[in-house]
1. Being among the hydroxyl-bearing types (Ser, Thr, Tyr), modelled with pLDDT of 95 or more and outside any loop (DSSP other than H, G, I, E, B), is that true of even one residue in segment 147-165?
2. Find the residue count for segment 110-152, including only residues that are closer than 28 Å to residue 258 by Cβ, in contact (Cβ under 8 Å) with a residue 60 or more places away in the chain and within 14 Å of the ligand (Cβ to nearest atom).
3. Residues in segment 33-55 that are surrounded by 12 or more Cβ atoms within 10 Å (Cβ to Cβ) and not in a helix (DSSP H, G or I): how many?
4. Residues in segment 274-292 that are away from the ligand (no atom under 12 Å from the Cβ) and among the charged types (D, E, K, R): how many?
5. Does segment 324-334 include one or more residues that are without any contact (Cβ under 8 Å) to a residue 60 or more places away in the chain and more than 18 Å from the chain's Cα centre (by Cα)?
6. Here is a check on your reading of the model: is residue 304 in contact with a Lys or Arg (Cβ under 8 Å, 6 or more places away or on another chain), surrounded by fewer than 22 Cβ atoms within 10 Å (Cβ to Cβ), over 19 Å from residue 221 (Cβ atoms) and touching a residue at least 40 places away in the same chain (Cβ under 8 Å)?
7. When the residues of segment 312-335 are filtered to those that are touching a Gly at 6+ places or on another chain (Cβ under 9 Å) and part of a helix (DSSP H, G or I), which remaining residue is farthest from the ligand (Cβ to nearest atom)?
Amino acid sequence: MNYKTFRPLIYKLTPEQAHHTTITMLQLAGWFPPATAIVRAMYRAKNQGPEVTCMGIKFPNPVGMAAGYDKDGLGWRGLAALGFGHIEVGTVTPKAQPGNPKPRVFRLVEDEAVINRMGFPNKGADFLANRIKNARGHGFVLGVNIGKNKVTPNEKALDDYLQLTRKFFPLSDYLAINVSSPNTPGLRELQTRKALEELLEPLSAEVSAACEATGRSVPLVVKLAPDLSDDELDGALEAVMHTGIDGVIISNTTINRPPLESNLANEIGGLSGKPLKDLNTEMIRKVIARTGGKLPVIASGGIITPEDAQEKIDAGAALVQVYTGLIYTGPELVQQILNFGLKYNK
Ligand SMILES: Cc1cc2nc3c(=O)[nH]c(=O)nc-3n(C[C@H](O)[C@H](O)[C@H](O)COP(=O)(O)O)c2cc1C
């Protein structure tokens, strides 16, 4: 059934109710192998691929599930059946935490956008580790997005990230360091060149040692905010390059407010979806220009249609991720992008 047919019903639920409902449906779809097979057949794209090798990993196709959707690793089997080439679970913090008071997610339907101020609600590292302990090797690349607990001061943030790196190194194909959520007070201050170097150097050393000890390579990527000034972006990229980080996710949500139609536009939080698209593409172009294209870029920001995904590839991204697009276009977005046939080096 076409998503647009039952979208009005989903929109009768609050965004969080709708989210829990879809995660439950994905869980159900993942639990029973016949149901998984039906979902896989329904959403199977005629075009598989293109396969992309990035950071030493083979991605079966360029389209990924962005972080924050499956924070606790509940729906990865169902998401894989929708055709995602990679799935980024989390953001996970060392200890479980409730996040900000509800309501904290807002649908800006007229703008095809969302504002969220979730604040990393999640069931903690042990829970996620248990949920994804057998998830690798199921035909998609598994990323784990890690963040610090709200109660951890920035001076102690490294302890949280180190703990999570150790825990999820064996369970993931890549690790994403989140220093760009606008909803954890002070988190974005970790993006200055100095703070990033102090954080990334020990994390990079930890991962290198683990790679050497195990013979497995697990790339580290950093997710940046789209609200950095040009100088701040330069500083952050220098830190990323100096510390041997393997790639960047451009970007998280924005705290800026381009002109918006919806009366929810002034809600506090990070804006995602269509109004983020151009700002995000511009940032990707800057990162490619400043790094001479040497640093792999994963695009996350405002991909609602296949053409939006192609725009990110044309700007120099190696891979794309979607989140808000699923709310407006539906789960068939992955299939649509794959059938569109993304082209590199046009
Ligand atoms: C409700 C919601 C929760 C999110 N939670 C997280 C999160 O926990 N960690 C993270 O790195 N990004 C999170 N994001 C940001 C998305 O991963 C993505 O980077 C951003 O929404 C831009 O992509 P989009 O325009 O395709 O949604 C969240 C986004 C939304 C809408």
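1. yes
2. Here the count works out to 11.
3. 9
4. Count: 4.
5. no
6. Spelling it out, residue 304 is indeed in contact with a Lys or Arg (Cβ under 8 Å, 6 or more places away or on another chain), surrounded by fewer than 22 Cβ atoms within 10 Å (Cβ to Cβ), over 19 Å from residue 221 (Cβ atoms) and touching a residue at least 40 places away in the same chain (Cβ under 8 Å).
7. 335
Per-residue answers, yes or no, for (1) within 12 Å of the ligand (Cβ to nearest atom); (2) more than 14 Å from residue 113 (Cβ to Cβ):
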position: 211; (1), (2): no, yes
position: 222; (1), (2): yes, yes
position: 226; (1), (2): yes, no
position: 231; (1), (2): no, yes
position: 249; (1), (2): yes, yes
position: 253; (1), (2): yes, no
position: 266; (1), (2): no, no
position: 271; (1), (2): yes, no
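The values are calculated or read from the model by the stated rules, or taken from the named source; none is laboratory data. Just so you know, these numbers come straight off a predicted model, no measurement behind them. Counting neighbours? That spans all protein chains shown, and the Cβs are built from the backbone with ideal geometry, glycine included.
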